[in-house]
1. I need the full set of residues from region 31-77 which are away from the ligand (no atom under 16 Å from the Cβ) and farther than 16 Å from residue 121 by Cα, in order please.
2. Scanning region 229-239 for residues that are open to solvent by less than 10 Å² (accessible area, probe 1.4 Å) and touching a helix residue (DSSP H, G or I) at 6+ places or on another chain (Cβ under 6 Å), which turns out farthest from residue 195 (Cα to Cα)?
3. For region 154-173, enumerate the residues that are in a helix (DSSP H, G or I) and among the acidic types (Asp, Glu).
4. Does residue 46 satisfy the criteria of being surrounded by fewer than 17 Cβ atoms within 10 Å (Cβ to Cβ), modelled with pLDDT of 95 or more and not hydroxyl-bearing (Ser, Thr, Tyr)?
5. I'd like to verify a number: residues in region 114-145 that are open to solvent by 60 Å² or more (accessible area, probe 1.4 Å) and under 20 Å from residue 91 (Cα atoms), how many?
6. In region 210-228, which residue that is touching an Asp or Glu at 6+ places or on another chain (Cβ under 6 Å) and in contact (Cβ under 8 Å) with a residue 40 or more places away in the chain is surrounded by the most Cβ atoms within 10 Å (Cβ to Cβ)?
7. Could you tell me which residue of region 146-178 is surrounded by the fewest Cβ atoms within 10 Å (Cβ to Cβ), considering only residues that are under 24 Å from residue 84 (Cα atoms) and small (Gly, Ala, Ser)?
8. Can you list the strands (runs of 3 or more DSSP E) lying wholly within region 281-369 that have 2 or more residues being closer than 19 Å to residue 18 by Cβ?
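The values are calculated or read from the model by the stated rules, or taken from the named source; none is laboratory data. Everything numeric in this text was worked out from a predicted model, so none of it was measured. Heads up, the Cβs are rebuilt from the backbone with ideal geometry, glycines too, and the neighbour counts pull from every protein chain shown. Just so you know, the surface numbers come from the protein's heavy atoms only, side chains and all, with ligands and any DNA or RNA stripped out. Shrake-Rupley method; radii C 1.70, N 1.55, O 1.52, S 1.80 Å.
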Amino acid sequence: MSDEANPFESLQSQIDDAAAYLDIGDDVIERLKHPERVLETNLTIERDDGDLERFKAFRSQFNGDRGPYKGGIRYHPQVSRDEVKALSGWMTYKTAIVDIPLGGGKGGIVIDPDDYSEAELERLTRSFGKELRPLIGEDRDVPAPDVNTGQREMNWIKDTYENLENTTEPGVITGKALDSGGSEGRVEATGRSTVIAAREAFDYLDKDLEGATVAVQGYGNAGWIAAKLIDEMGATVVAASDSSGGIYNPDGFDPVAAKEHKNETGSVVGFEGSEEAVTNDDVLTLDVDLLIPAALENAIDADLAEAVEADVISEAANGPLTPAADEVLEGKDVFVIPDILANAGGVTVSYFEWVQNRQRFYWAEERVNEELEGIIVDAFDALVETYERHDLENPRTAAYVVAIQRVADAFEEAGSWP
Ligand code: GLU
């Protein structure tokens, strides 16, 4: 992984690229390049041995013009103020490209959760929930899972909030377990939109998905579900990787069996369906039809982009390409489905969860998946319409043109106050 790009600068350069095609004043664009506010806090909790430890945590509320701030909370040693700001901006344009009535936010705690017990993580999460309480609420800011967080952490934050507020308000957070007010289909949603978007791109490019070869970098929730669903659509998953390394079999392997191997051993490495062990970078540069980066930001820098051989990239991760890599891939005619559309299934089903929580009426999984399908297909069509109308070279710029226009319209229609 390269650390050459500051993700917040990457976000701002993506906005600048799109602004060139928009009839929006520089002053409004300037506003849309910065978060409205960022909470930076220090959480001190007791370790199991009685010692105290301090952790830095953030919540960035980037933009609320289209609705409550929305976005996940990640636990990772690499979390920083700039990373959280960038991720909250990407959420703003993600909710706008899929046209759901939400804004953008993101949070994180600087921690490697593998080094802590479940009880310590619960104390830390509840402590963050207490700090977040004045900022969040179903009409204010609605957090969700992200890297290294899931239903367990969401349930704790919901419980903390509800206890402190003396109420029941499941819509204060999404990505909860089903019995705590979660939605069917939420866990699979990010991987699902990644493959729906890939299918639409193949169709648009007149390429056959049946038998197409696929490499997946990152085998967490988004990556492995994408692998499973694309295999069900008739494509052949030939490579996968996680932080310990990669596996490759030119004839393809069963993505579910690879996941079972990872569950048992902690990694895909050593999976018996693999012909050879490969590195993470090898997985990103294999000669495949579709590449799915599903790990962290900056996975592909300009040097690595020179070696990428995939025809289509569907970004399950947030910010996996540096802007320099994006430019290289544009020059090589690789069709990149941008993160803000490809992985928007997660937040879209979070939106469905929030709607169900507010109505106290829950949908069957079939309905969730059908509604998700419609939203991702419509967003892809909006991207293509703009891509063609402006004769753009990069689908990401098209997505930003659509999304920024929607946010700017909401801002301008509201007028200014005070
Ligand atoms: N963390 C996910 C994302 O980056 C989901 C956010 C949400 O559901 O609010 O899109």
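1. Answer for region 31-77, where residues must be away from the ligand (no atom under 16 Å from the Cβ) and farther than 16 Å from residue 121 by Cα: 31, 32, 33, 34, 36, 37, 38, 39, 40, 41, 65.
2. Checked region 229-239; the qualifying residue farthest from residue 195 (Cα to Cα) is 239.
3. Selection gives 159, 162, 165.
4. Criteria met by residue 46.
5. Total satisfying the criteria: 2.
6. 219
7. That would be 150.
8. Correct list: 335-337.
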